[in-house]
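Report on the structure given below.
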Amino acid sequence: MRWFLYSMALLFLVACSPQADKVYSVDELPADDALLAKIIGECRNNPGNLRNTPNCRNAEAADDTPRLERMRKSLGG
């Protein structure tokens, strides 16, 4: 009986734990502009809590790459 109560408590705790968000890589984000814009928007709206999360760091890195390419082309490189 005791093991049943422990297993039910464990099951309850696992079911109520927060779901982990999928971490997108820097290579995945430029392929989906809507997802990239959504993640960057969320990160910029709440920088105190989200700035150091993996998705925010990867989204900022993915957003910088095309910007640098456009700058290079505009400068004649």
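Any read-out appearing in this document is the output of simple, stated calculations on the displayed coordinates, not a laboratory observation. Because the structure is a prediction, the values reported are computed rather than measured. Here Cβ is always computed from backbone atoms with ideal geometry, including for glycine, and neighbour counts include all displayed protein chains.
Rg and Dmax, both from the Cα atoms of the stretch 21-74 and both in Å, are 11.4, 37. Segment Leu13..Glu69, full-extension length gain: 15.4 nm, with 0.36 nm per residue of separation and the alpha-carbon distance subtracted. Across the chain, the longest run free of exposed loop sites, meaning trypsin sites (Lys or Arg not before Pro) lying outside DSSP classes H, G, I, E and B with no more than 15 other Cβ atoms within 10 Å, spans 23-50.
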